[in-house]
Amino acid sequence: MESGVYLFDAQHHRLLPVVASDLRTLAIGRGQRSMVTKAPVQFIYVADIHRLTHTAGFQEPGLQDPEVQKSYYHVDTGLIAGNVYLFAASQELASWFHNCDRIGLMRKLKLRAEQRVLFAQTVGYPERR
Ligand SMILES: Cc1cc2nc3c(=O)[nH]c(=O)nc-3n(C[C@H](O)[C@H](O)[C@H](O)COP(=O)(O)O)c2cc1C
């Protein structure tokens with residue numbers, strides 16, 4: 001958001017501050033940045049491989065395999081993004097799932113190598129025609 005980047009803590013349903021600067025342009029792929037300068041919110045989807053390989057309880061052996069890891073975090077991202085699309089539609093908001101500046105975000109968010117920036121999703125007000 002304009003006020004900065006936050007980590008969504010799903011367990012406690014709260015936002016934890018990560019960086020207090022507006023990084024919204026980095027959440028858009030190069031070449032498309034001018035399209036969303038007015039959108040208030042960008043979701044940035046980051047997979048933490050450490051959390052996949054250190055799950056609590058049952059350890060799925062396949063999760064040590066990078067290809068299986070990919071399938072899990074891509075499905076997870078699609079499920080979350082689908083819910084964001086549904087919620088946005090229910091509130092008459094517009095939404096758009098897209099690429100982002102992965103390297104730029106990784107640097108600015110000071111992510112570890114095991115934390116992969118995947119995709120991003122914009123939520124905003126629909127253009128009145
Ligand atoms: C993995 C993935 C990455 C995408 N990246 C982009 C992107 O960088 N730019 C873009 O315009 N659309 C991208 N899309 C497509 C959009 O999410 C969307 O389907 C498209 O903009 C058409 O949306 P509309 O039907 O609301 O016009 C991507 C879709 C997927 C599944």
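A few points about this structure:
- For the residues V75, V41, V18, the requirement of being under 22 Å from R116 (Cα atoms), free of Cβ contacts under 8 Å to residues at least 24 places away in the same chain and either hydrophobic (A, V, I, L, M, F, W, C) or in contact with a strand residue (DSSP E or B) (Cβ under 9 Å, 6 or more places away or on another chain) (or both) singles out V75.
- One residue from L86, L7 being open to solvent by 80 Å² or more (accessible area, probe 1.4 Å), part of a strand (DSSP E or B), modelled with pLDDT of 95 or more and away from the ligand (no atom under 13 Å from the Cβ): L7
- Once segment 108-121 is narrowed to residues that are away from the ligand (no atom under 11 Å from the Cβ) and hydrophobic (A, V, I, L, M, F, W, C), the residue that is surrounded by the fewest Cβ atoms within 10 Å (Cβ to Cβ) is A113.
So that you can scan it fast, the table gives a plain yes or no per residue for (1) within 14 Å of the ligand (Cβ to nearest atom); (2) surrounded by 11 or more Cβ atoms within 10 Å (Cβ to Cβ); (3) without any contact (Cβ under 8 Å) to a residue 40 or more places away in the chain; (4) small (G, A, S):
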| residue | (1), (2), (3), (4) |
| --- | --- |
| W96 | yes, yes, no, no |
| I103 | no, no, yes, no |
| M106 | no, yes, yes, no |
| V123 | yes, yes, no, no |
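- Count of residues meeting criterion [modelled with pLDDT of 95 or more and assigned to a loop (DSSP other than H, G, I, E, B)] in segment 114-128: 1
- Of the set (1) assigned to a helix (DSSP H, G or I); (2) touching a residue at least 12 places away in the same chain (Cβ under 8 Å); (3) in contact with a strand residue (DSSP E or B) (Cβ under 9 Å, 6 or more places away or on another chain), all apply to L52 but (3).
- Residue selected from segment 18-45 under the condition surrounded by fewer than 18 Cβ atoms within 10 Å (Cβ to Cβ) and either in a helix (DSSP H, G or I) or of a type in the set (A, V, I, L, M) (or both), by the criterion farthest from the ligand (Cβ to nearest atom): A20
- Here I49 meets the list (1) among the aliphatic types (A, V, I, L, M); (2) more than 15 Å from the ligand (Cβ to nearest atom); (3) exposed (fewer than 11 other Cβ atoms within 10 Å of the Cβ) almost entirely, failing just condition (3).
The values are calculated or read from the model by the stated rules, or taken from the named source; none is laboratory data. Small disclaimer: the values here were computed from a predicted structure and weren't measured. Note that each Cβ is placed from the backbone with ideal geometry, even for glycine, and that neighbours are counted across all protein chains shown. Each accessible area value is taken on the protein alone, full model and side chains, heavy atoms only, with ligands, DNA and RNA left out. Shrake-Rupley method; radii C 1.70, N 1.55, O 1.52, S 1.80 Å.
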